[in-house]
Structure formats: structure tokens, C-alpha cells
Amino acid sequence: MSLSRRTFLGATAASFAAGRAFGASKAKLRIGLLLPYSGTYAALGNNITDAMKLAARERDGKLAGREIEWVAVDDESDPGKAPANVNKLIAGEKVDILTGPVHSGVAMAMMQIVRQEKTLTIVTNAGAQAVTGQLCAPNVFRTSFSNWQTSNPCAEVMLKDGRKNVVLMFWNYSFGQESMAAFKEGFAKGGGKIVKEIAVPFPQTEFQANLSEIASIKPDAVFVFFAGAGAAKFVKDYADAGLRDKVPLYGSGFLTEGVLGAQGAAAEGIKTTLHYADSLDNAANRKFRDAFKKATGREADVYAVAGYDTVHALAAALEKVQGDTGAQKELIAALEQVRLDSPRGPFRFSKAHNPIQNVYVRQVKGGKETVLGIAQKDAEDPAFGCAMVAAK
Amino acid sequence: MTLSLFGLQLLNGIEQGLLLFLVASGLTLVFGVLGVLNFAHGSFYMLGAYLAYWIAARTGSLLAAVLIGVPAMALIGWIVERLAIAPLYRRDHLSQVLLTYGLVLLFNELQRFAFGNDVHGVDTPRLLAFRVPVGSAQEWPAYRVFTAAACICVAAAMRQVILKTRFGMRVRAGASNAEMVEALGIDVRKLFSALFSAGTALAALAGMLAAPLTTVYPGMGESVLVLSFVVVVIGGIGSIRGAFFGALLVGLSDTFGKVLLPGFASAIVYAVMAAVLLVRPRGLAG
């Protein structure tokens, strides 16, 4: 088929005109990404970013008709550099929406600024309680989880399994402390008893001495918080010390997330609670995992899910306000109404802007994370100290 | 604490100390004889662990990894010494710190490039995948017994080499007066190359033995390096014997610190170092 010159010119002119008119009312939507692209958490930052871009492509690269311009800054998971990085995105790059980070320390620094600047902010990983607790703000949402959600439901699971006398072991920094506090709250309510608490300085990974201690105490079970390399090492040491077959191991989901391969047979039988599992059997999850694999060549994970849902939640809310990020009040109201059929299951925001989501019990069987069921349906963070919850 | 638990914690501390000795002995020799502050020593430990993971994943045998990996790392150590360290012998410590710290960054990037940022596990050799009962209620992994025994063997072999061989004699002479050794017609250059290469191989061996225990992850070299420096300082610079007892002291104080003073555990090693330096400012063997 050949185009005549006249129709070609006409079509071009028309599209130019349309483009200009469009451009005037619909500037590009600038989304800031404050994520780690180097260091220990680089893989997490990349997965969140790629999942966000995947979600955007599923919407033809546009949110409410506005094209997206991504502005990414490597936060290096360094809380010390966070204020400068946040300011760079808000004041320098003038992003419409700020997203990130992975590290809770960076998130705390970010909160101080966005509460002043009122930038619409979506936290895509960091689980610090304060983000949707003491520091909660109308312009701040979270699409990942609160630390409370990853460990409180495990208390019920353990009590149901008949584990009454339990040893706690955790890395002694905010994530570990908050996880343990949430667990203890649920465990005490159900009549469980904490026999001993072992706080390990972060990021030490020499556990042998403490494991010998656990073996001499002989508790019904052990509940732990470790993540990443420390989790891989802990689970192996636990099995090597002969404890795996004697004292069942429970934990928040980060104990096995992403390190199952390194843990190998040592992880067999461990039960954890988390708001997602790779093997979760629903249509949205299958579709998401296939698409992510096709786009990146990597397997999707819990971090990618948060990135994916962030863009879909934003898209749904922006459509209600015709893509006008200036109408922040209406946009926030629209976000509060968002209901997603997420790969993790039903998803909506609480009054404190933290996800209300199912938390699942998972168990490692045959080297794979299998879902045993729902530990807590529509788990909602108690949002201690959040003024928005009290007000409504 | 019951007696059997105390005995077990004693074992835990000694085992941790012995592994640390393998790393620290190379560091103290290179510092004592060559006069070089080698920050890259921890990187050799990390590279050893990654090599163990890489070779064991392909051959299914940790022994093969050690047999291939240790000579390979000795060669790498020799090359690094010739290319990077040798020109620095007559320079001050600051230049050495800068260069070897640069090497740390280089090796970290190489590791990221070759192996990625994931955490990897290395399987315990099947022959040693059982547990030894200790006392009535406790068990100890056989692989830890093996590493402890292996470290003792290496330490004994090092003692023999240093006390009984010509090479060892030169090393001892070099440690006390390198210029005099050179004046006596001994090729110090070759001696230094051999020593640096041996130190590298020792650090890599420690990394390989530790790989099934610690898993393999980015940045694993740095934490070992800090502890090794503590051992070198406690033991007295350049002294293998000092490093041996220093490492045991660090291992034991870390282990018992964790059990008895959990809130203070991360500081206890440094408190012990300070206490030793107050009594013996030049270290245990200084």
C-alpha cells in the first residue's frame, strides 16, 4: 500500500496539531523513584522498578492519558544521603509523585521531608511502623507491608500448632525489634509464653553460641527475624546444629524470601508468614509472574509485587481525577477508594494508608515455598499513634 | 550455665578462633615481614569462598574446590604482589592503605560482575554431613569438628615450616631485619613474593573452609578483615604464635560475650583488645 503525499502530509499535520493540544493540557507525569540500584539491596530496587515499568506498559505507557517520565535516583540505602536525594527529586526534578524506598532508615528521612512538602508519596517497600503509624500523613501511602503484618499473624499460627513455649531470636535493629514486638503482642494474647529473647547485633552472623543455648533450653519452637545473607546463614546453622528436626523454626516471611536456593535442604519444613508467596495460586499472580519473567528474564518476587501494585493503584486513582495531580485532595480520596485484584490477593488501603491484605502461612516443601492457607484474612496494621485513624 | 553447655560454648569459641587464625596469620606475616598493611586480605577470603561455591557447584566436591582453588589463589596473590604491592615497599603506610583499599573495591566489583549480588549456599561435604553428640542433650556439626582439626593441622604445619625450614628461617630473619637479610645476599624480592602468595592462599583456604558454614555473600570479606586486624593487634604484629592465641582469645570472648552479656556482645571483642593493649602495648607476643 502506498500513501499519497497529500494524505501523508495531512495526517502528519493533524497528528502534530493533536499532539500540541494534548501536550498543553496533559504534560508528562513525572514519577520519582528513590530506590537502591547499588549495594546489598540493588536487586530489590531493580525488581521494584522493572515491575512498575511492566505495570505501566500494561496501561500502554500512560496513566490517565499522561505519558510517564521516570526519574530514578540511586539512594544507596544510605539514610545519611536520603535528605539530599529526596530534595533532588522534589525540588530539583519537580516530580509529581515520589515512590520508594527499600530501606526503612531512608524512608524515615523521606517522611520528614514529604510531610512538609506535601508531595504525594507511595512507599514501595520499607516496612517501618512509623510510616503509617506515628508519622502517617494524608499524602503518604504504602503498597508493601508494615513490619507488624509480617510477624503478628505468625503468633496465631504457632499457637494453633500447639507451640506454647517459644524462644525469640532476631537482629537487634528496628525491623527486628518491630517484628518481635508485633509477634509478642499476638502471642501473649493467645496465652503463649516467651522463654527467652536472643537479640543478635546487626549484621552479625555468628550464631553458633546462641544455637547451643537454644538446644539446652529445649523450647517448643523458635520464632526468628533474619533477612538476606543473615537468614541464609541462620537457617543453615540451625539445621547443622541438629535443631531443625527437634525444635520447629518459624519466622516472618523474609527468613526464606529470595534465599531459599542458598538455604537448600536446611530450609525444609520452615513455616513463615507473609502477604505474598511466589506460588500463590490466583489468575492475577500467574499473569503477573509470566509477564515479569518475559520482560526481565528473572522470577518476580514480593518486592516486584509492591512496585506492580503501586502503578496500578495510581492509574486507577488518576483516572478518577482525569490525570490532574494538582487536585491532590481529590487524588488522595480516589486512592483511598482503590480496590485492586493484586497478585497477592485483594488489596485496599486502610485509614492510615497501609495495605489491608491477606497474610499467608507458607511452608518450605521440597525446596519450594508452598502456601498452606491464610494466616490472617484482611490483616490490618493497628497503626499505633496515627492521627488519621483517630480522627475518622 | 550447665557444665556441658559451658564445654560446648568453649568448643564454639575455639572453632571460631581457629578459622580466624587462618586469615589473621597471613595478614600478620605480610604486615610483619613485608611491612605492608594489606586491606585486600579480606577480599582474598571472599574470593576463596566464591571460588569454593563456583567450583563445588560444578564438580560437586569441596575437596576439588580446595585443590584447584588454593593454588589458583596463590597465583593470584603472586600476581597482585608483583604488579601492585612490590612498588610500594619503600612508600609509607598511607600509600599502601590507599592502594590496597582500591584493590578491595576492585575485587568487590569483580565479584559483583562474575557472581552477582545473591547469597549462595555451599553444601557440606556428604562425608561430614552428620553430627557429633556432645554431652547429653547437645550436638555439634561434624563439619565444624573437621574445620577445627584442619585449622590445627595448618597451624602445626606453619610452625614446622617457620621453625624448621630454610624458608622459615629467612621469613623470621626478614621479620626482624629485612635489610640485613638482603645484605647477606638473600633475594628478598623472591622471599616477599612467596610470602605474600602464601598469605593469599591461607586467606582463600579459610574462605573455602568457611563457605559451607557462613554461606557466600557480597561484603563477607570486610567483617573478617576487621576481626583479623583485631587479632593481629592483640597477638603482636608479625607473630604467628601471637596471632594463634589472639585468634583464640577473640573467638572465645565473642562466643561467651554473646551468651553472658548479650546486650554488649558486639563491643566485647574490642574491650578485650583494649584490655590486652593496656597490659601489653605491643601485643601478646610483642
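List of remarks:
Condition check ((1) hydroxyl-bearing (Ser, Thr, Tyr); (2) touching a Leu at 6+ places or on another chain (Cβ under 7 Å); (3) within 11 Å of chain A (Cβ to nearest Cβ)) across all residues:
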position: B:His120; (1), (2), (3): no, no, yes
position: B:Thr124; (1), (2), (3): yes, no, yes
position: B:Pro133; (1), (2), (3): no, no, yes
position: B:Cys151; (1), (2), (3): no, yes, no
position: B:Met158; (1), (2), (3): no, no, no
position: B:Arg166; (1), (2), (3): no, no, no
position: B:Gly185; (1), (2), (3): no, no, no
position: B:Val188; (1), (2), (3): no, no, no
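- The residue that is nearest to the other protein chains (Cβ to nearest Cβ), among those in the stretch B:252-269 that are small (Gly, Ala, Ser) and crowded, with 20+ Cβ neighbours inside 10 Å, is B:Ala265.
- Out of B:Ala84, B:Ala56, B:Ala65, B:Ala74, sole residue that is within 30 Å of A:Asn47 (Cβ to Cβ) and modelled with pLDDT of 90 or more: B:Ala56
- Counting only helices (runs of 4 or more DSSP H) that sit completely within the stretch B:115-224, those holding 1 or more residues that are in contact with a Phe, Trp or Tyr (Cβ under 6 Å, 6 or more places away or on another chain) correspond to B:142-164, B:188-214.
- Summed over the stretch B:95-117, residues that are touching a helix residue (DSSP H, G or I) at 6+ places or on another chain (Cβ under 7 Å) and either small (Gly, Ala, Ser) or within 9 Å of chain A (Cβ to nearest Cβ) (or both) total 2.
- Test: residue in the stretch B:38-48 that is within 13 Å of another protein chain (Cβ to nearest Cβ), part of a helix (DSSP H, G or I) and either of a type in the set (Lys, Arg) or buried (at least 24 other Cβ atoms within 10 Å of the Cβ) (or both): yes
- Residue within the stretch A:255-277 that is surrounded by fewer than 23 Cβ atoms within 10 Å (Cβ to Cβ), under 27 Å from A:Arg348 (Cβ atoms) and in contact with a Gly (Cβ under 7 Å, 6 or more places away or on another chain) present: no
- Residue within the stretch B:231-251 that is within 10 Å of chain A (Cβ to nearest Cβ) and either more than 20 Å from B:Gly199 (Cβ to Cβ) or in a helix (DSSP H, G or I) (or both) present: yes
For every residue, the table says whether it meets (1) surrounded by 19 or more Cβ atoms within 10 Å (Cβ to Cβ); (2) over 16 Å from the mean Cα position of the chain (by Cα).
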residue	(1), (2)
B:Ser4	no, yes
B:Phe31	yes, no
B:Tyr53	yes, yes
B:Ile79	no, yes
B:Leu83	no, yes
B:Val97	no, yes
B:Leu106	no, yes
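- Looking across the stretch A:344-392, the residues that are in a strand (DSSP E or B) and small (Gly, Ala, Ser) come down to A:Gly345, A:Gly373, A:Ala375, A:Ala379.
- Residues of the stretch B:207-251 satisfying the condition of being closer than 13 Å to B:Gly26 by Cα, surrounded by fewer than 21 Cβ atoms within 10 Å (Cβ to Cβ) and of a type in the set (Ser, Thr, Tyr): none
- Residues that are surrounded by fewer than 20 Cβ atoms within 10 Å (Cβ to Cβ), aromatic (Phe, Trp, Tyr) and more than 23 Å from A:Ala229 (Cα to Cα) within the stretch A:147-190 are absent altogether.
- Failed item, numbered, when A:Ala56 is tested on (1) modelled with pLDDT under 95; (2) of a type in the set (Gly, Ala, Ser); (3) part of a helix (DSSP H, G or I): (1)
The values are calculated or read from the model by the stated rules, or taken from the named source; none is laboratory data. Treat the numbers as computed from the prediction; the structure is a model and nothing was measured. Heads up, the Cβs are rebuilt from the backbone with ideal geometry, glycines too, and the neighbour counts pull from every protein chain shown.
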